[in-house]
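The values are calculated or read from the model by the stated rules, or taken from the named source; none is laboratory data. Not measured: the values here are computed from a predicted model. Virtual Cβ from ideal backbone geometry, glycine too; neighbours counted across all protein chains shown.
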Amino acid sequence: MLPERWQRGEEVLFQYNPSLDRNDRALLNYFFVQERDPPLLCLLDLPEHGSFGNTPGVLPSDDELYGPGGRFCTQEEVRRLTNILVSFPTTEDEDAAFWSPAS
């Protein structure tokens, strides 16, 4: 039975663990990803959190890390992330074309 505060057909939302805000973690644990605007970096791409095993409870927001005055708002971090991006075997456009339905 539905609780009285819910109506039949009403959307019910469940807040997963806050660490699942990052899509690599959500995909690994629950097999889904979320569309976010702006998107968050994958947990594995954060410089201090390169593995799931050592992850603290709640990570600082990307705005805190990468926004104006953030400790990773540096040219060195831009180079590090650029190196990760260019190491991928395909571009985002190639990935999108691969996953698009054939016309």
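Residues in the range 54-68 that are assigned to a helix (DSSP H, G or I) and either of a type in the set (D, E) or at pLDDT below 65 (or both) were compared, and the one that is surrounded by the most Cβ atoms within 10 Å (Cβ to Cβ) is D62. Scanning the range 69-82 for residues that are surrounded by 11 or more Cβ atoms within 10 Å (Cβ to Cβ), under 17 Å from L44 (Cα atoms) and either touching a residue at least 40 places away in the same chain (Cβ under 8 Å) or not β-branched (V, I, T) (or both) yields F72, E77, R80, L81.
Consider the range 69-94 and keep the residues that are under 17 Å from P39 (Cβ atoms) and outside any loop (DSSP other than H, G, I, E, B). The one that is farthest from the chain's Cα centre (by Cα) is D93. Can you tell which of P18, P38 is closer than 24 Å to R80 by Cα and at pLDDT below 75? Exactly one of P18, P38 is closer than 24 Å to R80 by Cα and at pLDDT below 75, namely P38.
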